[in-house]
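Below is one structure, written out as structure tokens; the observations come after it.
The values are calculated or read from the model by the stated rules, or taken from the named source; none is laboratory data. Since the structure is predicted, the reported quantities are computational estimates derived from the model, not experimental observations. Note: ideal-geometry Cβ built from the backbone for every residue, glycine included; neighbour counts use all protein chains shown. Each accessible area value is taken on the protein alone, full model and side chains, heavy atoms only, with ligands, DNA and RNA left out. Shrake-Rupley method; radii C 1.70, N 1.55, O 1.52, S 1.80 Å.
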Amino acid sequence: MTPLELTINLTTTFIGTIGFTMVWNLRNRDVFLGAVNGIVSWVGYLIVNECTGSVFAAAFTGSVISVVIAEILARIRKTNATQFMICGIIPMVPGGSYYNTAIAILNGDHAGAAAFGSSTAGTMLGIAAGVCLANAFIYMMRIAAGRIRQ
Amino acid sequence: MTVRRYNRLRADDITAAGQGGGRSSAACRSRADENKDQRMLSLFVDVGMEMLQNGAEIWRAEETIERMGYAYGAARMDIFSVTNYLAATMTMQDYGEQTVTRRVVISGNNFERVEELNALSRDYCRRPFDMEELADRIDSIRDKKVNIYKAYIGSLLVGSMFTVFFGGNALDGVVSGLCALLICFMQRNLKSLCSSNEFFYFLSSLIMGFLIGFIHLFLPINTAMVIIGDIMLLIPGLMMMNAIKDIFLDDTLSGIMRLTESLFWTGGIACGFIIPIFIMGM
């Protein structure tokens, strides 16, 4: 990716995530933070994807970053974490490979359908695994903190 | 409306109802209190139902009702919820159990409303207020109008930006943004006419596919990029994520229901776009 392409990519991610915060009617004061979570998680995705070439690992890392940032922002803002979390995850949603899978199936291109389908499934599984694992750790830490306080 | 009027019954009416049976004063007072408990529980369940309807997770709605119940003075709270059903039983120390159930119809994602309901429940748990005030505050949150311009501008940004993000050029972005406005319009006006979410998303994808194909006859756009940008608005990303979280948090039934619905929904989008692509040879 050239510097210009990277700039366009990050700018569109940021503004696109702001668009989603408006569609989901986040409070105005949370819109910017939601978009920041989106762009930071996406940068994490890009770095891991560049290093490993695995969409699963990239989506996993991106979603873990998204969950952690969302929990921190939720504590600071005294709000629910889901609204920030979904902003972080939305740039990783595999809209492009999903479309390409459908087109490959339509054209009877089984090899293409398998390639795009596995990319779509890998990304979705990576997101799911990242969200689950990060939430599991946060849940454990919350319970442990509660017991220490008692 | 009926529910709202029911919730807004005054405490005087409840006392009067309790005194009408010709029982001893202690028994009448007990019955009036039971009626009050029933109405309070009904309001707590309304708060949880509104949260579910606006995109909150199952555990959040259940926990909110539970906390409000304990703040009210319940000895025990048992809440059960799946995506479209909510039941709560409140057990008081001196009286019997009260149960309220609701059929939940998911209306969309509105995080501002979820946040206001959260704040309401926090305020109530900190300083439990009376039934009238609680009913008024729920009504004011429910009646608050959503800023439609915000939704339209948001859709425009999502459609245009994600088209460029996936590799489209400026013209693709502009066309996709304009198509996104139509998606937003359909989500606000056509959804309520459709029998199911799946059918709505099939129909809107079908309309969008034909529209993009028609525009392609006059403008040199990359139809794939325009469709991909607009698909981002339709894909049930939040629902899938909530499904995963529900499964992880032991709400397996709700999670599977949400996941199944989101898969059918995604299938509806694919079918809706594939038909015009096939017919118009895009």
Check your understanding: Roughly speaking, what is the centre-to-centre gap between region B:49-108 and region B:170-188 when only Cα atoms are used, to the nearest Å?
Key -> 38 Å
Check your understanding: Hey, any idea what the orientation-averaged projected area of the convex hull of the protein assembly as shown's Cα atoms comes to, in nm²?
Key -> 23.0 nm²
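Could you give the accessible area per residue of region A:3-149, probe 1.4 Å, as a whole number in Å²?
Roughly 44 Å² per residue, with all protein chains present.
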Practice item. For chain B, calculate the relative contact order in percent as a whole number, restricting contacts to Cα pairs under 8 Å that are 6 or more residues apart. Key: 15 percent
**Study point:** Built amide H within the under 5 Å cut-off of B:Tyr85, gap 5+
**Key:** B:Val104
Study note, to complete from the structure: With all protein chains present, chain A has a carbon and sulfur share of its accessible area (1.4 Å probe) in percent of 71 percent
Practice item. Report the one residue of B:Gly159, B:Ile256, B:Gly237 whose Cα lies farthest in the direction of the positive end of the charge dipole of region B:148-280 (charges on C-beta: Lys and Arg +1, Asp and Glu -1; origin at the Cα centre). Key: B:Gly159
Review point. Got a sec? Which residues of region B:147-189 lose 40 Å² or more of accessible surface with every protein chain in place, vs. that chain alone, 1.4 Å probe?
Key: B:Lys150, B:Leu157, B:Val158, B:Met161, B:Phe162, B:Phe165
Check your understanding: When the accessible area of each residue in region A:16-64 is compared between its chain alone and the complete protein assembly (1.4 Å probe; ligands, DNA and RNA ignored), which residues differ by at least 10 Å², being lower in the assembly?
Key -> A:Gly16, A:Gly19, A:Phe20, A:Met22, A:Val23, A:Trp24, A:Asn25, A:Leu26, A:Arg27, A:Asn28, A:Trp42
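Give me Rg/Rg_expected for chain B, where Rg uses Cα atoms only and Rg_expected = 2.2 N^0.38 Å with N residues.
This ratio for chain B stands at 1.26.
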Exercise for review: Counting only heavy atoms of the protein chains, get the accessible area per residue of region B:148-280 (1.4 Å probe) and round it to a whole Å² value.
Suggested key: 41 Å²
Review point. For all pairs of alpha-carbon atoms in region B:173-238, what percent lies in each bin of width 5 Å, listed from the first bin to the last filled one?
Key: 3, 18, 30, 25, 14, 8, 3, 0
Study note, to complete from the structure: For region B:148-280, the percent of all C-alpha pairs falling in each 10 Å bin, from 0 up to the bin holding the max distance, is 14, 39, 33, 12, 2, 0
Point to revise | Total accessible surface hidden between B and A, rounded to 100 Å², 1.4 Å probe | key: 4000 Å²
Exercise for review: Translational diffusion coefficient, Stokes-Einstein: compute it for chain A using the Kirkwood radius over C-alpha pairs as Rh, at 20 °C and 1.002 mPa s, and state it as an integer in µm² s⁻¹.
Suggested key: 131 µm²/s
**Study point:** Accessible area of chain B belonging to carbon and sulfur atoms, whole % at 1.4 Å probe
**Key:** 58 percent
Revision key, fill the gap. What helix-only [θ] at 222 nm does chain B give? Using -39500 (n - 2.57) per DSSP H run of at least 4, over all residues, to the nearest 500, the answer is -24000 deg cm²/dmol
Practice item. Tabulate in residue order the Karplus-calculated ³J(HN,Hα) for region A:43-59, using 6.51 cos²θ - 1.76 cosθ + 1.60 with θ = phi - 60°, rounded to whole Hz; enter x for Gly and Pro. Key: 4, x, 4, 4, 5, 5, 5, 5, 6, 9, x, 9, 5, 4, 4, 5, 5
Check your understanding: Between region A:78-125 and region B:204-277, how many Å separate their Cα centres?
Key -> 10 Å
Check your understanding: Between B:Ile106 and B:Ser140, what is the label-to-label distance in nm when each label sits 7 Å out along the Cα-to-Cβ direction?
Key -> 3.1 nm
Review point. Heavy-atom accessible area of B:Lys36 with all protein chains present, probe 1.4 Å, nearest 10 Å²?
Key: 80 Å²
Exercise for review: Quick one: check the C-alpha center-to-center distance for region A:26-68 versus region B:132-164, whole angstrom.
Suggested key: 25 Å
